[in-house]
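One structure is given below, encoded as structure tokens.
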Amino acid sequence: MSERESLSAKINSRHSLLDRPLKPVAGLDADGLLDMTESSYIELVQWTGEQARSDKRGKLKPLTSAKRAAPADIWQVSNHPEAWLRQVQGTESVYYRAIGSAESLMAKAELLGQVWMKGVAADLAKKILR
């Protein structure tokens, strides 16, 4: 095998790694995780970073000059792309243990044996709990 063929084989093997499903975070049950590949996750992170306001930390430069639509896998993490952006921008200020809609945060709180989670207003939590 020539050096060029060897390099080509290495590049192709690296590309195939991007199509593997993401591995779970240590200690989590893989059955409840998203069915997302590494490449789709990278695409979601890139698109999310491109949407951030230019005066905010974490803004990513677009890969192309044309405005891109939200990646298809965004529907795995949110019911709407705009909601996803608000949730991401609220990280570390609005949310603490989990990110999501009020309903999903309340469901997570119930699973954890809690009454509410940071990010859900008390009035809304009471309505959901009724």
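The values are calculated or read from the model by the stated rules, or taken from the named source; none is laboratory data. This one's a predicted model, so the numbers in the text were calculated from it and none came from an experiment. Here the Cβ is made from the backbone with ideal geometry for all residues, glycine too, and neighbour counts use every protein chain on show.
Table for the structure above
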| item | result |
| --- | --- |
| Positions within the range 64-95 being surrounded by 10 or more Cβ atoms within 10 Å (Cβ to Cβ) and at pLDDT below 70, in sequence order | GLY90, THR91, VAL94, TYR95 |
| Pairs, first farther than 11 Å from MET36 by Cα in the range 66-81, second of a type in the set (A, V, I, L, M) and not in a loop (DSSP other than H, G, I, E, B), C-beta under 7 Å, six or more apart | PRO71/LEU44; PRO81/ILE74 |
| Among residues of the range 96-114, those that are surrounded by 13 or more Cβ atoms within 10 Å (Cβ to Cβ) and either part of a helix (DSSP H, G or I) or at pLDDT 75 or above (or both), counted | 8 |
| Some residue of the range 19-31 being modelled with pLDDT of 70 or more and surrounded by 14 or more Cβ atoms within 10 Å (Cβ to Cβ) | yes |
| Check on GLY58, on the phi > 0 side of the Ramachandran plot and modelled with pLDDT under 80 | yes |
